[in-house]
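**Q** Dumping the structure here so I can ask a few things about it.
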Amino acid sequence: MSCDFTALANIDPSDPDQANALLQQCSGALTDPNLWLWAIVFTIVCAAVGALIGKYKNAVVRDTILGATLGPIGWIVSLCMPVVKPRPVCPACKRAVDAGDRHCRHCGTALAP
Ligand SMILES: [Zn+2]
C-alpha cells in the first residue's frame, strides 16, 4: 500500500487496521530525511534567487525573506515591488541618515537640505 489517494479510496472502512497502516505509511513519508533535505535545499536556492533579485532592487533582506518563505511566488512579488531608493549618506562619516535630517545623527555634521 502506497501513501496516495488511490490507497485512501480503496481502503476498507470496516477494517481500522488498514486505515492505521495507511496512516503509519504516510507519517513515515513525512519524516523521510530525503524529503527534508530537498525542502531545505529548495528553500536555500529560493532565498539565494530572492537575494539576487533584491540586489538589483536595493532590498536584499526583504527579497531574501520573500524568496525563502514564498519560493517562486516570492520572486514574482519581489519583481513587482518598486526599486528601493538608497538612503542618503552623511558626507563626513559615510553612515546612512534619513532623507529629512538637518544634522547627522551619528557625528552631528550639518547636512545639505
Ligand atoms: Zn555623520
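Where a number appears in this text, it was derived from the coordinates with a stated rule and is not lab data. Keep in mind the model is a prediction, meaning the values are calculated, not measured. Positions of Cβ are backbone-derived with ideal geometry, glycine not excepted, and every protein chain shown enters the neighbour counts.
**Q** Measure nothing fancy, just the Cα-based angle from helix 33-57's long axis to the longest principal axis of the chain, in degrees from 0 to 90, nearest 10.
**A** For 33-57 against the chain, the angle is about 20 degrees.
**Q** Would you mind telling me which residue in T64, T31, T43 has the biggest mean-square fluctuation in a Gaussian network model of the chain, where springs connect alpha carbons within a distance under 10 angstrom?
**A** Comparing T64, T31, T43 in a Gaussian network model of the chain, the most mobile one is T31.
**Q** With each label point set 7 Å from Cα along the Cα-Cβ vector, what nm distance links H103 and N20?
**A** Roughly 7.6 nm, to one decimal.
**Q** How large are Rg and Dmax for the chain when calculated on the C-alpha trace, in angstrom?
**A** For the chain, the Cα-based Rg and Dmax read 25.7, 82 Å.
**Q** Rounded to the nearest 500, what is the chain's calculated 222 nm mean residue ellipticity when only DSSP H runs of at least 4 contribute -39500 (n - 2.57) each, over all residues? Display every interim value, and only then the final one.
**A** On the way: 5 runs with 65 residues, N = 113.
Result for the chain, helices only: -18000 deg cm²/dmol.
**Q** If you plug each phi of the stretch 12-22 into the Karplus form 6.51 cos²θ - 1.76 cosθ + 1.60 with θ = phi - 60°, what whole-Hz ³J(HN,Hα) values come out, in order, with x for Gly and Pro?
**A** Per residue, the Karplus-derived 3J(HN,Hα) values read 7, x, 8, 10, x, 5, 5, 5, 5, 5, 5 Hz.
**Q** Right, next: Most mobile of L22, L70, L35 per a Gaussian network model of the chain (Cα springs, under 10 Å)?
**A** Its mean-square fluctuation being the largest, the pick is L22.
**Q** Taking the Cβ of P82 as the centre, find all other residues whose Cβ is under 14 Å away and add up their charges (Lys, Arg: +1; Asp, Glu: -1).
**A** +2
**Q** Follow-up. Pick out which of V77, V61, V89 has the largest mean-square fluctuation in a Gaussian network model of the chain, springs linking Cα atoms closer than 10 Å.
**A** Looking only at V77, V61, V89, the biggest GNM fluctuation is shown by V89.
**Q** Turning to a different aspect of this structure: Which listed residue (G100, F5, L35) has the Cα farthest towards the positive end of the charge dipole for the chain, taking +1 on Lys and Arg C-beta and -1 on Asp and Glu C-beta about the Cα centre?
**A** Comparing the listed Cα positions along the dipole, G100 ranks first.
**Q** May I ask for the net charge around L66, where only other residues with Cβ less than 15 Å from the Cβ of L66 are counted and Lys, Arg are +1 while Asp, Glu are -1?
**A** Charge balance in the 15 Å sphere: +2.
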